[in-house]
Amino acid sequence: MAEQHKHQSVQEQSPRSLSGVKHIIAIGSGKGGVGKSTVAVNLAVALAKTGAKVGVMDADIYGPSQPGMLGAGTEQPHIEGDMIIPMNRHGISFMSLGILMDEDKPVIWRAPIATRMIQQFIENVKWGDLDYLLVDLPPGTGDVQITLAQQARLTGAVIVTTPQQVALGVAKKGLQMFAQVKVPILGIIENMSGFVCPHCGKETAIFKSGGGKQMAETYGVNFLGGIPIDPELMASGDDGVPLMEKKANSPTVTAFAALAERFREVVAQGVAVQTAEPETMALSGDGNVIVTWKDQPSVTISARELRVNCPCAGCVDEESGQRTLDPMRVTLGITIGAINRVGRYGVNFQFSDGHNTGIYGYDYLQELGRRKNDASKQSFNV
Ligand code: ADP
């Protein structure tokens, strides 16, 4: 009964274009140039070789390199009605934001466009039935990542790093960003792990390898595998034929095959993420919110309490954290018309004054519920 209650008023965001996709996985990195796109493309081909249906969405606006890596050049995708049909290359479905973007526009203009485009990508690309959709993100921790985490229900994220990036502490930023928006970290891949001599097969750690594994241990996440430095891997990126497609056997091909195997295992097992997600959440008849967390009695948080404590940038100064919304401006009779789920980590409310930009993380909602409880205990004691 309680479960039924929850689904009555919290609307799931599951765009029709992604309904046939079993797992959406973000591929991120702390900084550019670590080989994230190279790894994403070859991992996709390695997964396809195991019989899985795989798609790759290149959302890296700063260096959309995948059309080149997959030999798609400047080819434009087909449009069917309002849907974009992904291209098919080397057994994988593929779309790139870069293809749709004006290359002459400076990057500073591209970022806000990309945020809107990523939303369009989620809604308007006809991915069909896929086992895995890998989303190659721009490096860093910007808006594109957050939009994706909010709009698509990600199975998880994979962080690609190099030994140097671990040493510089850059890789952990990507990890922390995903943790903040409650996207489970499926694991870490260490690229450019070492160099395997093509003549004698001896491996040399040109940069101190093992950092990825150590980082995984430090943060309690999976280490998915290491990919060696391989001039052939670099050349294959320029040729438009991924190494996994080009070569039947080499230490790098073996490493990608092992990586695909481990990736499948980890995705199948799933990674739990600590969220304060309520057991039930529903609207009361008078437009307030009734929330229940595990093993706790339900608490009703009034629409006005929620509106006054809206965490959006229009109501709180982002720099100072000071509330800019004057509570006196929020009417006593304000109500909530709808609750929408945002990614895995929170909800958004449609208030009767038209406001709907705040994202209430579950932790924050729990805090508001606690305050409400404390306030009612105090008034009871008086
Ligand atoms: P990112 O997506 O992180 O910006 P790319 O995938 O574009 O990085 O790779 C950056 C450069 O490094 C490319 O020239 C690519 O061919 C090369 N590269 C990536 N991984 C390897 C590797 N394991 N061995 C050799 N070169 C690599």
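Descriptive notes on the structure:
- The sole residue among D131, D136 that is at negative phi, buried (at least 24 other Cβ atoms within 10 Å of the Cβ), of a type in the set (D, E, K, R) and at pLDDT 75 or above is D136.
- Any hit, the range 84-91, residues being under 30 Å from A338 (Cβ atoms) and either at pLDDT below 85 or more than 14 Å from the ligand (Cβ to nearest atom) (or both): yes
- Any hit, the range 239-246, residues being under 30 Å from Y345 (Cβ atoms), assigned by TED's automatic domain parsing to the domain that holds G33 and β-branched (V, I, T): no
- Positions within the range 289-310 being part of a loop (DSSP other than H, G, I, E, B) and crowded, with 18+ Cβ neighbours inside 10 Å, in sequence order: W293, S302, N309, C310
- Filter result for K213 (under 24 Å from L186 (Cα atoms), open to solvent by 20 Å² or more (accessible area, probe 1.4 Å) and more than 11 Å from the ligand (Cβ to nearest atom)): yes
- Across the range 38-75, the number of residues qualifying as open to solvent by less than 10 Å² (accessible area, probe 1.4 Å), closer than 12 Å to V160 by Cα and either modelled with pLDDT under 95 or within 9 Å of the ligand (Cβ to nearest atom) (or both) comes to 2.
- Considering only residues in the range 230-252 that are buried (at least 21 other Cβ atoms within 10 Å of the Cβ) and of a type in the set (A, V, I, L, M), the one that is farthest from the ligand (Cβ to nearest atom) turns out to be M244.
- Figure legend. Inter-residue proximity from the range 219-244: first residues closer than 30 Å to Q180 by Cβ, second residues open to solvent by 40 Å² or more (accessible area, probe 1.4 Å), beta-carbon distance below 6 Å, spacing 6+ or different chains. Indicated pairs: F223/K213; L224/R262; G225/A258; G225/R262.
The values are calculated or read from the model by the stated rules, or taken from the named source; none is laboratory data. Quick caveat: nothing in here was measured; it's all calculated off a predicted structure. Note that we place each Cβ from the backbone using ideal geometry, even for glycine, and neighbour counts take in every protein chain shown. The protein model used for the area step is the full one, side chains on, heavy atoms only, and it has no ligands, DNA or RNA in it. Shrake-Rupley method; radii C 1.70, N 1.55, O 1.52, S 1.80 Å.
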